[in-house]
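**Q** Quick one: the structure is below, questions incoming.
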Amino acid sequence: MSKELQKEQNLLTENQYQRIQVVDVLRGFALFGILLIHSLQKFLNHTTMGLLELGPKNKFVKSSVEFLVEDKFFIIFSLLFGWSFYVMYQSAVRKQIPFIRLYIWRLIILLAIGTFHTLFFDSDILQVYAVIGLILIFCRDFTSRNMLALSILLFLGSIPCIIFREEIWGAIISMKNLGIPLPNKLGYYIFTGRLFTTSSMFVLGLYAGKINLFSNISAKQNLLKKVVIFSCCIFLITLTVLTIGKFTIDLPGHSADKILQVICFALQNISLSCLYVSALTLLYYQTKLVKSLSWLIPLGRIGLTAYLMQSIFFQLYYNLYDGMEMGLPGAMAITLLFFFGQIFFANIWLSRFRFGPVEWVWRSLTSLVAPPK
């Protein structure tokens, strides 16, 4: 092999490693947000103190977590799922491996893992990912422009679902009364618009892979900076409109105020999510900040395991020990300790094994041959 060819292959390997690193940072960051919002919801719905009226301090913590975290980190997690699909698909194309059958089997296994997960955590997203993930098969060979257009259209499709959620919910109830088997989770994802939002982010992640967003940062810095600026502008505009309008949480009917509120909340969520992703990606590739973000990489590498571990924490801390009656700030502090404990576990585990425990099972069942530990 010539030295020139060897250098090219080494460069590709290095770029792939860097790309995986920044994606793992983003995945670890998303897991942190998902942990926070689920912990908040568990406190409010499953503890003695959470069911009581919240004091000023608790209300501040609740509002802060909901404003900065709720929905935003699920959006990031969904985007990364779409990106991972593109990486797997391109790898299969290069190796000339039949991909569709393998991918569908992979989704079936994910569905089985999610079904098991629902036995002790009813807010599982793995089942939803396994079903919605099928959409990626049909748009895997789209041009980057068409991927972006489809992602935008799917996102816009979530807005009418929220505006007409009562009518949609009524239709779902009617279908169930007629004996049509419609899973509760699917119905929930339809009338909340999350079915379209999640699909949109899957396709946007596919688009990110198509344009090599995370593997060629030097060439994409200007794009990422534009995303930061554009996202900030959208976020500030929607925040201003919602603040000046002083909208209530649930406006009646389909008034102009209601429609404006729904549009602003939707744009606020997506803009803040894009701001998080683009800003964190740019920061990671600043030499002085690499080490300050690299501690998220091990957790991102065992993302599926870490996600399932969160449910064990919720069961023990909230369901068995009633949140130790610490109040919301105390519960959030314990949640942070658990998160850092997950990072410590990830470092120890990956010092001995290549994959997280659940990732290893998933890969083994996918190929029906156990990969090296």
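**Q** Any residue in the range 152-159 that is hydroxyl-bearing (Ser, Thr, Tyr), over 22 Å from residue 89 (Cβ atoms), touching a residue at least 12 places away in the same chain (Cβ under 8 Å) and touching a helix residue (DSSP H, G or I) at 6+ places or on another chain (Cβ under 8 Å)? Quick ask: steps written out before the conclusion?
**A** Quick first cut of the range 152-159, residues hydroxyl-bearing (Ser, Thr, Tyr) only: 158.
From what is left, the residues that are over 22 Å from residue 89 (Cβ atoms) are 158.
Filter once more, keeping what is touching a residue at least 12 places away in the same chain (Cβ under 8 Å): 158.
If we keep only those that are touching a helix residue (DSSP H, G or I) at 6+ places or on another chain (Cβ under 8 Å) too, we end up with 158.
The answer is yes, given that some residue of the range 152-159 is hydroxyl-bearing (Ser, Thr, Tyr), over 22 Å from residue 89 (Cβ atoms), touching a residue at least 12 places away in the same chain (Cβ under 8 Å) and touching a helix residue (DSSP H, G or I) at 6+ places or on another chain (Cβ under 8 Å).
**Q** Among the residues of the range 261-297, what is the count of those that are part of a helix (DSSP H, G or I) and free of Cβ contacts under 8 Å to residues at least 12 places away in the same chain?
**A** So the count comes out to 7.
**Q** What is the number of the single condition among (1) touching a Gly at 6+ places or on another chain (Cβ under 9 Å); (2) free of Cβ contacts under 8 Å to residues at least 60 places away in the same chain that residue 347 does not meet?
**A** That leaves (1) as the condition not met.
**Q** Another question, if that's okay. What's the number of the only condition in (1) without any contact (Cβ under 8 Å) to a residue 60 or more places away in the chain; (2) over 24 Å from residue 210 (Cβ atoms) that residue 98 fails to meet?
**A** (2)
**Q** Let me ask something additional. Could you give every pair whose Cβ atoms fall below 8 Å, whose first residue belongs to the range 352-366 and is surrounded by fewer than 17 Cβ atoms within 10 Å (Cβ to Cβ), and whose second residue is of a type in the set (Ser, Thr, Tyr), counting only separations of at least 6 or pairs across chains?
**A** 357/305
**Q** Test residue 205 against the criterion of being farther than 16 Å from residue 90 by Cβ, among the small types (Gly, Ala, Ser) and either touching a residue at least 60 places away in the same chain (Cβ under 8 Å) or exposed (fewer than 15 other Cβ atoms within 10 Å of the Cβ) (or both), and give yes or no.
**A** Spelling it out, it is not the case that residue 205 is farther than 16 Å from residue 90 by Cβ, among the small types (Gly, Ala, Ser) and either touching a residue at least 60 places away in the same chain (Cβ under 8 Å) or exposed (fewer than 15 other Cβ atoms within 10 Å of the Cβ) (or both).
**Q** What is the one condition in (1) surrounded by 14 or more Cβ atoms within 10 Å (Cβ to Cβ); (2) under 30 Å from residue 59 (Cβ atoms); (3) not hydroxyl-bearing (Ser, Thr, Tyr) that residue 316 does not satisfy?
**A** Only one criterion in (1) surrounded by 14 or more Cβ atoms within 10 Å (Cβ to Cβ); (2) under 30 Å from residue 59 (Cβ atoms); (3) not hydroxyl-bearing (Ser, Thr, Tyr) is unmet by residue 316, namely (1).
**Q** Out of the residues in the range 150-166 meeting the condition of being surrounded by fewer than 18 Cβ atoms within 10 Å (Cβ to Cβ) and under 15 Å from residue 200 (Cα atoms), tell me which one is farthest from the chain's Cα centre (by Cα).
**A** The extreme case among them is 160.
**Q** Of the residues that make up the range 202-224, is at least one basic (Lys, Arg) and touching a helix residue (DSSP H, G or I) at 6+ places or on another chain (Cβ under 7 Å)?
**A** Residues of the range 202-224 basic (Lys, Arg): 210, 220.
Now narrow it down to the ones that are touching a helix residue (DSSP H, G or I) at 6+ places or on another chain (Cβ under 7 Å): 210.
Checked the range 202-224: at least one residue is basic (Lys, Arg) and touching a helix residue (DSSP H, G or I) at 6+ places or on another chain (Cβ under 7 Å).
**Q** Turning to a different aspect of this structure: Out of everything in the range 102-137 that is among the β-branched types (Val, Ile, Thr) and under 17 Å from residue 147 (Cα atoms), what residue ends up being surrounded by the fewest Cβ atoms within 10 Å (Cβ to Cβ)?
**A** 137
**Q** Could I ask something else about it? So which residues in the range 87-101 are of a type outside the set (D, E, K, R) and surrounded by fewer than 15 Cβ atoms within 10 Å (Cβ to Cβ)?
**A** Answer for the range 87-101, where residues must be of a type outside the set (D, E, K, R) and surrounded by fewer than 15 Cβ atoms within 10 Å (Cβ to Cβ): 90, 91, 93, 96, 97, 98, 100.
**Q** Let me ask something else. So which residues in the range 312-344 are of a type in the set (Phe, Trp, Tyr) and assigned to a helix (DSSP H, G or I)?
**A** 313, 314, 317, 318, 338, 339, 340, 344
**Q** Identify all residues within the range 138-149 that are aliphatic (A, V, I, L, M) and surrounded by 15 or more Cβ atoms within 10 Å (Cβ to Cβ); write none if there are none.
**A** 147, 148
**Q** Kindly indicate whether any position in the range 330-338 is touching a residue at least 40 places away in the same chain (Cβ under 8 Å), under 21 Å from residue 45 (Cβ atoms) and in contact with a Ser or Thr (Cβ under 6 Å, 6 or more places away or on another chain).
**A** Yes.
**Q** Within the range 62-85, count every residue that is farther than 13 Å from residue 201 by Cα and assigned to a helix (DSSP H, G or I).
**A** Selection size over the range 62-85: 7.
**Q** Scan the range 55-99 residue by residue and report those that are more than 20 Å from the chain's Cα centre (by Cα) and not assigned by TED's automatic domain parsing to the domain that holds residue 129.
**A** Result: 55, 56, 57, 58, 59, 60, 61, 62, 63.
**Q** Of all the residues that make up the range 191-224, how many are within 16 Å of the chain's Cα centre (by Cα) and either at positive phi or not in a helix (DSSP H, G or I) (or both)?
**A** Residues meeting the conditions: 1.
The values are calculated or read from the model by the stated rules, or taken from the named source; none is laboratory data. Since the model is a prediction, treat every value here as computed from it, not as a measurement. Note that each Cβ is placed from the backbone with ideal geometry, even for glycine, and that neighbours are counted across all protein chains shown.
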